[in-house]
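Engineer: I am attaching a structure below and will ask some questions about it afterwards.
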Amino acid sequence: MQTLVSIITPSFNQANYLEQTLRSVLDQGYANVEYLVIDGGSTDNSIEIIRKHEDRLAYWISEKDSGQAEAINKGLARANGEVLGWLNSDDYYLPNTISAAVKCFEENPDVVMVYGNMLAVDGNGQTINVLKYKQLSLEDLLCFQIIGQPAVFFRRSALEKTGLLDTSFHFMLDHHLWIRLAQQGRVLHIPQIWSAARYHAAAKNRARAAEFGREAFRILAWAKSQPGLAEAVSGVRVARRALASAHRCDARYLLDGGKSVSALGAWFHALFIHPPTALARLNILVSAILNLIGLSKLRAAILHRRQRMFSGDK
């Protein structure tokens, strides 16, 4: 019998994208999917879209909640699958993603979490980048090597040991969970494109970019207090890299949010603490400077050219 996979979609006022999200799960072609949609009391036409597909949903509800983490936790608490994942209501899976993830778990019984690569798309669904990750260790995660959340799946057995999402996190809640899962066993990267994350003006990574950095520093402080993590993150070799990485993470999201001056400050903090960490993302420095000297149009043109390349329009 096929492994049961449970997918949770937290939803709130994303009707423009929700149909594509739902269909990307329902049309996977993997028969044994339990799909749960947890809506936070949307006031647009999200409910009508959900109802259109409710005969293929294992469960759905629309009620006010305290945010994304609570919504996902509601779904995880009801989920029965051996393999779990969540897909936000403005993202989507590529075809055959779920079957590929299940195959990885079946072939690697010691793996607790798998992740693939991911497309970055704009509000119109046009590809603007392909995010190719590498095989990461627990140390890498503690140093804020970010994984695209829509491309991640994990075992129920590991989640039962870590517990659900920490609802005090609203921006880096996924990364906090990845660290906890990586303490339970092996994490495996699969070099396949599994999903697409949408970057648009209302997305958290732009509308509330500064919050991501604050939560990165919170995760670092949390790790220093945890048995099994404190020694790793406080050691001479890792401590400077981890702190610099938190500043670099802050710089990246500040840049995404249009805060170029603050992004420069965060990047130079990283450079002072651990130069290799900052220099690995020299593009943050270059982009921030281009914005500040009035060449943001040049940066936009470069991004537009990249988008045309990905779409095949020469």
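The values are calculated or read from the model by the stated rules, or taken from the named source; none is laboratory data. Owing to the predicted nature of the structure, the values given are computational and were not obtained by experimental measurement. As a convention, Cβ positions derive from the backbone with ideal geometry for all residues, glycine included, and neighbour counts pool all protein chains shown.
Engineer: Residues of the stretch 90-129 being at pLDDT below 95 and out of contact with any Ser or Thr (no Cβ under 8 Å at 6 or more places or on another chain), which ones?
Structural biologist: Passing the criteria: D122, G123, N124, G125, I128, N129.
Engineer: Just checking, which of H274, H269, H247 is modelled with pLDDT of 95 or more, closer than 15 Å to R214 by Cα and more than 24 Å from the chain's Cα centre (by Cα)?
Structural biologist: Residue meeting the stated conditions: H269.
Engineer: Looking at (1) at positive phi; (2) within 17 Å of the chain's Cα centre (by Cα), find the lone condition where G125 falls short.
Structural biologist: (2)
Engineer: OK, next. Test of understanding: among R237, R206, which residue is assigned to a helix (DSSP H, G or I), under 21 Å from the mean Cα position of the chain (by Cα) and at pLDDT below 85?
Structural biologist: Selected residue: R206, the only one of R237, R206 that is assigned to a helix (DSSP H, G or I), under 21 Å from the mean Cα position of the chain (by Cα) and at pLDDT below 85.
Engineer: Against the conditions (1) touching a Gly at 6+ places or on another chain (Cβ under 7 Å); (2) touching a residue at least 60 places away in the same chain (Cβ under 8 Å), where does A151 fall short? Just the number, please.
Structural biologist: (2)
Engineer: Would you point out the residue of the stretch 96-154, among those that are in contact with a His (Cβ under 9 Å, 6 or more places away or on another chain) and aromatic (F, W, Y), that is farthest from I72 (Cα to Cα)?
Structural biologist: The extreme case among them is Y133.
Engineer: Could you check the stretch 55-67 and list, in sequence order, the residues that are modelled with pLDDT under 95 and among the polar types (S, T, N, Q)?
Structural biologist: If the condition is that a residue be modelled with pLDDT under 95 and among the polar types (S, T, N, Q), then S66 is the only one that fits.
Engineer: Can I ask one more? Residues in the stretch 44-52: is at least one in a loop (DSSP other than H, G, I, E, B), within 11 Å of F12 (Cβ to Cβ) and touching a residue at least 24 places away in the same chain (Cβ under 8 Å)?
Structural biologist: yes
Engineer: Could you check the stretch 31-44 and list, in sequence order, the residues that are buried (at least 18 other Cβ atoms within 10 Å of the Cβ) and more than 20 Å from the chain's Cα centre (by Cα)?
Structural biologist: Passing the criteria: V33, E34, S42.
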